[in-house]
Amino acid sequence: MEARILYWTVVAGALRPLLVAGMILIASNSLWAGESTPAPTKKQNVKIEKKEKNPLSFWEGRLVFDIEERVRAELRENNRDFDSSVDDDNDDAWLLNRFRLGLAVKPVSWLKIYGQTQDAREAFSDRANIPGVRSAEGDDEFDLRQAYVAIGDTKKFPLLLTIGRQSISYGDSRLVADSRWGNFGRTFDAIRLRFEEPNFWVEGFAMRPVQIKRHEFDDSDSADNFFGIYASTTAIPFQTTDAYVFYRDKSDNQPDLDPTNRIDPQGTWNGPAVRFATIGARVKSKPEALNGWDYTAEAAYETGDLFQSTTSSQRFNLSAFAAHVSGGYTAKQLPWTPRVGLEYDYASGDQNPDDNDSQSFQNLFPSNHEKYGFMDEFGWRNIHDARFQFNVKPIKKLDLEFDYHAFWLADTHDFWYRSNGISTLRTRTSDSRDVRRIGAGNFAGQEIDLTATYELTKNVKIQGGYSHFFAGDYLVDTGPHSDADFVYVMTTFSY
C-alpha cells in the first residue's frame with residue numbers, strides 16, 4: 001500500500017519536463033515574435049509557410065545545443081523474486097530522472113566535434129542508489145556521456161572517421177546498442193572507420209564499454225575490448241540486408257562487486273572473462289515497400305571461450321546460436337490504421353552444467369527493453385519467446401499497443417537470465433538445490449503489456465504502461481511463483 005501511495009506521489013514528478021518544455025517554447029516564441037512571413041505576390045499560388053527556427057542553433061548552424069529531460073515514475077511488485085510473501089526492496093515505487101545537455105560544433109562540412117553531459121538519479125526508492133546493485137538504476141551525478149570528433153563528409157568523399165566516447169547502435173539493437181530505456185544508457189570509448197556509398201556502407205570499429213561509476217569519472221575497462229565489422233546494403237529494392245562479425249576479449253572479472261565496501265560500493269558488473277566471436281546477418285523490409293506488410297529476421301552464431309570468473313579459472317568451449325523472426329500487416333485503409341504482428345525469438349542455453357562446453361548465447365551489449373517484454377524479465381539468452389502485437393492509432397498523436405508474450409527456457413540445465421543477459425533470476429530452489437539439476441518444467445510464464453504514447457508537441461512525449469506476468473511451471477518448480485506487476489508513467493522533453 002505504501003508503495004502505491006508513493007507511486008502516485010512520484011508520478012507528479014514525472015510531469016516535470018512539461019514545465020521545462022513550456023519555458024523553452026515561450027522563450028523561443030519570444031525570439032520569433034518580431035518575424036513575419038513575406039506576403040505572396042499575385043504570381044504566387046502556393047502559401048509560403050514560416051520556416052521554424054531552432055532557438056538552440058547559432059552561427060548559421062555551426063554550433064547547436066541539444067537538451068533532453070526525462071522523468072519516469074515506476075511501480076513494481078514481485079518483479080525480482082516473484083514472491084508476494086516477502087517485501088523485497090524492489091517491491092516499491094521510485095522516480096528516475098535523467099538530464100542531458102549536448103553541444104555540436106561543425107565549423108566545416110567535414111568536421112564535427114560533439115560533447116554531451118548527463119545527470120541521472122533515482123529518488124524515493126528503498127533500494128540503495130548504487131548503479132547495478134539489486135536492479136537499482138542508482139545515481140550518477142553530472143558526468144561525461146559523449147565526447148567525440150568525426151572527420152569526413154560522406155556526401156563528398158566516402159570515408160568517415162569517428163574517435164572518442166560515443167553512443168553506438170547496430171541493426172535492431174539486439175547485440176550492440178545504447179540502452180535507451182535504462183536511466184544511464186550506454187556509450188563506448190571507440191574508434192570507427194566507415195566507408196559509405198549510396199546503397200552500401202561498411203564500418204570497422206574497436207571499442208570499450210563505458211562503466212557507470214558513482215562519485216567517480218565514468219571510464220571504460222581497459223581489459224574489456226570489443227572489435228568488429230558491420231556492413232549494410234539496400235541493393236535489394238524492398239529490404240535492408242546486414243552482415244556482421246564481432247569479437248569480444250574481456251580478460252578480467254571486473255568491476256567486482258564488493259559488499260564489504262560500505263563507504264562507496266560500486267555495482268556495475270558486466271560479466272566474467274570471455275574470448276569469443278559472433279557472426280550474424282539481418283534482413284528487414286523497407287517502410288512502405290510491401291503495401292502494409294513488414295518483416296525482420298536475424299540470426300547469430302557464437303564460438304570461443306568462456307571463463308568461470310577470470311582467465312585463470314575454469315574454461316568452457318562456447319558454441320551458441322540465436323535467431324529472431326517477425327512479421328506484420330498494417331491496414332492503412334482502415335480507421336485507426338491497426339497493425340497485427342507475430343514474432344518469435346530464440347537463444348540457446350547450456351545443455352550440461354557439468355561439462356566444459358557451453359551453449360549459452362552471450363547477449364553482448366543489447367537494448368532488450370520492449371523486445372522480450374516490457375517488464376525486462378528476459379534477455380536474448382536461453383529463451384523461447386512467442387509474441388503477438390496489436391497497435392492502433394486513434395488520433396494522429398496517440399499510439400496504443402497491446403503485447404502478449406509466452407516464454408520458455410530453451411534448456412533448464414541453464415539459468416533464467418534477465419534483460420541484461422548476465423544476471424540470473426535464481427540459482428537455488430527454496431531448499432537450496434541447484435535449479436539446473438531438478439528437472440524443472442521449462443514454461444516460464446506469460447506477460448501482457450499495455451502501452452500508450454502521446455506526442456503532446458514535437459518536443460514533448462508522454463508514455464504510460466501496465467504489465468502483468470503470469471507465473472509458469474518453471475517458477476512453480478524452483479521456488480516462489482507469485483504473479484508480478486509493473487506500472488510506469490514517463491515524460492520526455494527533447495530539443
**Asked** Only one of (1) among the β-branched types (V, I, T); (2) in contact with a Lys or Arg (Cβ under 9 Å, 6 or more places away or on another chain); (3) at pLDDT 95 or above is not met by V210, so which one is it?
**Response** (3)
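For the stretch 180-212, how many residues are part of a strand (DSSP E or B) and without any contact (Cβ under 8 Å) to a residue 24 or more places away in the chain?
Applying the first criterion (part of a strand (DSSP E or B)) to the stretch 180-212 yields 188-197, 200-211.
Next cut, without any contact (Cβ under 8 Å) to a residue 24 or more places away in the chain only: 206, 208.
Result for the stretch 180-212: 2.
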**Request:** Residue by residue through the stretch 99-129, note down the ones that are without any contact (Cβ under 8 Å) to a residue 60 or more places away in the chain and of a type in the set (F, W, Y).
**Result:** F99, W110, Y114
**Prompt:** Say we look at the stretch 168-195 and pick out the residues that are surrounded by fewer than 18 Cβ atoms within 10 Å (Cβ to Cβ), within 23 Å of A120 (Cα to Cα) and touching a strand residue (DSSP E or B) at 6+ places or on another chain (Cβ under 9 Å); which of these is modelled with the lowest pLDDT?
**Reply:** W181
**Request:** With the checklist (1) surrounded by 18 or more Cβ atoms within 10 Å (Cβ to Cβ); (2) closer than 27 Å to S285 by Cβ in hand, flag the one item P198 doesn't pass.
**Result:** (1)
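Answer yes or no: is there a residue in the stretch 406-425 that is among the hydroxyl-bearing types (S, T, Y), loosely packed, with under 15 Cβ neighbours inside 10 Å, farther than 27 Å from R180 by Cβ and at pLDDT below 95.
Narrowing the stretch 406-425 to residues among the hydroxyl-bearing types (S, T, Y): 412, 417, 419, 423-424.
Applying the additional criterion that residues be loosely packed, with under 15 Cβ neighbours inside 10 Å yields 424.
Now narrow it down to the ones that are farther than 27 Å from R180 by Cβ: none.
No, that holds for no residue.
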**Complete:** Restricted to the stretch 144-163 and to residues being over 19 Å from the mean Cα position of the chain (by Cα) and either buried (at least 19 other Cβ atoms within 10 Å of the Cβ) or of a type in the set (S, T, Y) (or both), the residue nearest to T117 (Cα to Cα) is Y148
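Can you tell me which residue in the stretch 440-459 is nearest to D399 (Cα to Cα), limited to those that are aliphatic (A, V, I, L, M) and out of contact with any helix residue (DSSP H, G or I) (no Cβ under 6 Å at 6 or more places or on another chain)?
Step one: of the stretch 440-459, the residues aliphatic (A, V, I, L, M) are 440, 444, 448, 450, 452, 456.
Filter once more, keeping what is out of contact with any helix residue (DSSP H, G or I) (no Cβ under 6 Å at 6 or more places or on another chain): 448, 450, 452, 456.
On the way: I448: 17, L450: 11, A452: 6, L456: 12 Å.
Selected residue: A452.
Considering only residues of the stretch 287-304 that are polar (S, T, N, Q) and under 26 Å from G349 (Cβ atoms), which is farthest from the chain's Cα centre (by Cα)? Let's see the steps before the verdict.
Step one: list which residues in the stretch 287-304 are polar (S, T, N, Q), which gives 291, 296, 303.
Checking which are under 26 Å from G349 (Cβ atoms) leaves us with 296, 303.
Values: T296: 18, T303: 25 Å.
Looking at residues that are polar (S, T, N, Q) and under 26 Å from G349 (Cβ atoms), I get T303.
If we scan the stretch 310-332, do we find a residue that is basic (K, R) and closer than 30 Å to S220 by Cβ? Spell out how you get there, then give the answer.
Step one: list which residues in the stretch 310-332 are basic (K, R), which gives 315, 332.
Checking which are closer than 30 Å to S220 by Cβ leaves us with 315.
Yes: one or more hits.
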**Message:** Six or more apart or on different chains, Cβ atoms under 7 Å: show the pairs whose first residue is in the stretch 462-478 and closer than 20 Å to T429 by Cβ and whose second is surrounded by fewer than 18 Cβ atoms within 10 Å (Cβ to Cβ) and of a type in the set (D, E).
**Reply:** F469/D483; A471/D483
**Prompt:** Out of (1) surrounded by 18 or more Cβ atoms within 10 Å (Cβ to Cβ); (2) closer than 21 Å to F188 by Cα, what's the single condition that is false for N97?
**Reply:** (2)
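The values are calculated or read from the model by the stated rules, or taken from the named source; none is laboratory data. Because the structure is a prediction, the values reported are computed rather than measured. Counting neighbours? That spans all protein chains shown, and the Cβs are built from the backbone with ideal geometry, glycine included.
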